[in-house]
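Presented below is the structure to which this report refers.
Here, each number is a calculation from the coordinates, and none is a lab measurement. What you are looking at is a predicted structure, and each value in this text was computed from that prediction instead of being measured. Methodologically, a virtual Cβ is constructed for each residue, glycine included, from the backbone with ideal geometry; neighbour enumeration extends over all protein chains shown.
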Amino acid sequence: MKQNQPESLPRPEADWVRKIQKELLTWYDQNRRGLPWRENKDPYRIWVSEIMLQQTRVDTVIPYYEQFVSAFPTVKDLAEAPEDQVIKAWEGLGYYSRARNLHAAAKEVMEQYKGEIPREPEKISRLKGVGSYTAGAILSIAYDLPVPAVDGNVMRVLSRWFAWWEDISKAATRRRMEAVDRELIPAERPGDFNQAMMELGALICTPVSPSCDTCPVRELCQAQAEGLQEELPVKKKGKPPVPMEVTFGWIRRGDQVLLHRRPQGGLLGGMWGLPTIEHWQGSLSLGEALKTSLAELGLKVEPGSILGELEHVFSHRRWYVTVVEALEISGEDLTEDYRWVQESELDNYALPNVYRKAVQLATERQYAAGIQGRLF
């Protein structure tokens with residue numbers, strides 16, 4: 001049953017803390033996964049891994065991580081790389097603002113800290129894209145500092161250990177948990193302890209059907225003692241993605257296809273993709289809507305058929321995409337946000353997954369029709 005909540009968690013008893021530290025670290029030493037970012041304590045590599053792991057599964061991250069650190073083995077290499085090259089190396093991971101923030105922060109490290117990633121919490125937290133969790137992970141794992149690193153796994157573990165009903169989606173809850181976690185971290189092996197808590201949440205104390213029978217600290221867990229592990233943690237459900245009708249233009253000029261760089265700051269900001277119309281209003285067909293939109297840029301096209309449809313879900317939006325073919329008839333010089341690209345060179349661009357799927361759909365359609373050039 002849900003209990004009334006105190007303003008803060010009760011301070012854990014010293015004996016309980018010692019048992020948690022001992023049992024959890026012993027379990028971690030025997031069960032830790034052999035992940036590539038655990039091969040050494042290079043703060044740059046730990047930083048890259050933590051940014052990639054945000055909202056992304058470990059198994060998915062591993063090949064991207066290895067490719068990324070191969071392309072940019074040091075913070076200096078990353079800072080000096082062109083943005084397009086960084087985004088291309090990130091291609092497929094999604095949430096591209098993470099890559100841009102990491103790139104910008106690498107430049108900050110080179111300009112402000114002479115290439116050394118700060119070991120002071122207030123300094124490292126000022127780097128672009130580095131929040132309290134990422135800062136804590138880097139500082140504890142790379143620099144052996146007793147700093148909390150509270151992610152979703154850790155919040156779930158703490159909620160169950162203390163049978164705490166506070167909503168973990170709230171910032172205030174995270175701050176309280178960070179305060180409690182700080183009391184749990186041993187002066188020796190703080191990074192291993194933080195990773196052990198994350199590992200426990202990932203492998204044992206899972207969101208659904210936790211493996212309490214194999215948990216090394218089950219006798220110290222209040223939720224386990226009270227049979228509450230399936231009810232905790234409490235997390236308010238987010239709003240479902242907003243549905244949007246979207247049209248992509250597969251616009252050809254001979255063997256070239258038109259790409260458009262999306263406006264900075266919005267969804268997929270600064271990324272290359274196919275010309276896109278969102279929420280077209282009026283009675284025009286999709287092809288005519290595309291034609292009218294491009295005419296405003298000085299580009300005259302002749303709409304063709306609908307190549308196909310696809311669906312793509314972002315965190316806050318659900319796109320229902322229709323891909324429409326069109327052929328350039330005439331056009332003025334376009335702005336720098338538009339670019340004609342050889343179809344054979346599309347792979348050189350870091351297209352977001354939704355556009356990559358559309359390109360695949362369009363090319364498969366044209367080859368299935370037995371036409372390797374114009375579709376008209």
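Quick rundown of the values:
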{"quantity": "Helix 152-161 axis, angle to the chain major axis (alpha carbon atoms, nearest 10°)", "calculated": "30 degrees"}
{"quantity": "Note, ³J(HN,Hα) from phi for the range 335-341, Karplus 6.51, -1.76, 1.60, rounded to Hz, x at Gly and Pro", "calculated": "5, 5, 7, 10, 8, 7, 10"}
{"quantity": "Relative contact order [Cα under 8 Å, 6+ residues apart], the chain, whole percent", "calculated": "15 percent"}
{"quantity": "Relative packing of peptides 145-156, 118-129 - highest average C-beta neighbours within 10 Å first", "calculated": "145-156, 118-129"}
{"quantity": "In the range 1-104, trypsin sites (Lys or Arg not before Pro) in a DSSP loop with at most 15 other beta-carbon atoms within 10 Å", "calculated": "2, 32, 33, 41, 57"}
{"quantity": "Using alpha-carbon coordinates, inclination of helix 171-184 to the longest axis of the chain, degrees", "calculated": "40 degrees"}
{"quantity": "Trypsin sites (Lys or Arg not before Pro) lying in DSSP loop within the range 199-268, provided at most 12 other Cβ fall within 10 Å", "calculated": "236, 237"}
{"quantity": "Sequence-separation-based contact order of the range 62-105, relative, with Cα cut under 8 Å and 6+ spacing, percent", "calculated": "39 percent"}
{"quantity": "The chain: antiparallel DSSP beta bridges as a percent of all, rounded to 5", "calculated": "65 percent"}
{"quantity": "Virtual spin-label span in nm between residue 83 and residue 264, 7 Å along Cα→Cβ", "calculated": "0.5 nm"}
{"quantity": "Dipole in debye (nearest 20) - the chain, about Cα centre, beta carbon charges: Lys, Arg +1; Asp, Glu -1", "calculated": "680 debye"}
{"quantity": "Peptide ranges 190-198, 322-330, 207-215 listed from the most packed, as the mean C-beta count within 10 angstrom indicates", "calculated": "190-198, 322-330, 207-215"}
{"quantity": "Environment charge at residue 260 (Cβ cut-off 9 Å; Lys +1, Arg +1, Asp -1, Glu -1)", "calculated": "+2"}
{"quantity": "Net length gained if the chain between residue 297 and residue 225 were fully extended (0.36 nm per residue, minus Cα distance)", "calculated": "19.3 nm"}
{"quantity": "Neighbour-count order for 47, 37, fewest beta carbons within 10 angstrom listed first", "calculated": "37, 47"}
{"quantity": "Local electrostatic count, residue 241, Cβ distance below 9 Å [Lys/Arg +1, Asp/Glu -1]", "calculated": "+3"}
{"quantity": "Charge sum, other residues only, whose C-beta stays under 15 Å from residue 224's C-beta, Lys/Arg counted +1 and Asp/Glu -1", "calculated": "-2"}
{"quantity": "Label-to-label distance, nm, for residues given as residue 123 and residue 35 (7 Å Cα→Cβ offset)", "calculated": "2.6 nm"}
{"quantity": "Sites residue 19 and residue 278 - FRET efficiency at Förster radius 56 Å, r taken between beta-carbons, to 0.05", "calculated": "0.50"}
{"quantity": "Label-to-label distance, nm, for residues given as residue 57 and residue 337 (7 Å Cα→Cβ offset)", "calculated": "3.6 nm"}
{"quantity": "Loop-located GluC sites (Glu not before Pro) in the range 203-289, at most 15 other Cβ atoms within 10 Å (DSSP)", "calculated": "230, 231"}
{"quantity": "Degrees between helix 132-143 axis and first principal axis of the chain (Cα, 0 to 90, nearest 10)", "calculated": "70 degrees"}
{"quantity": "Label assignment, semi-axes √(5λ) of the Cα gyration tensor in Å derived from the structure, set (1) 48, 24, 17; (2) 44, 21, 19; (3) 37, 23, 20", "calculated": "(1)"}
{"quantity": "Value of [θ]222 nm, deg cm²/dmol, for the chain, DSSP H segments ≥ 4, -39500 (n - 2.57) each, nearest 500", "calculated": "-13000 deg cm²/dmol"}
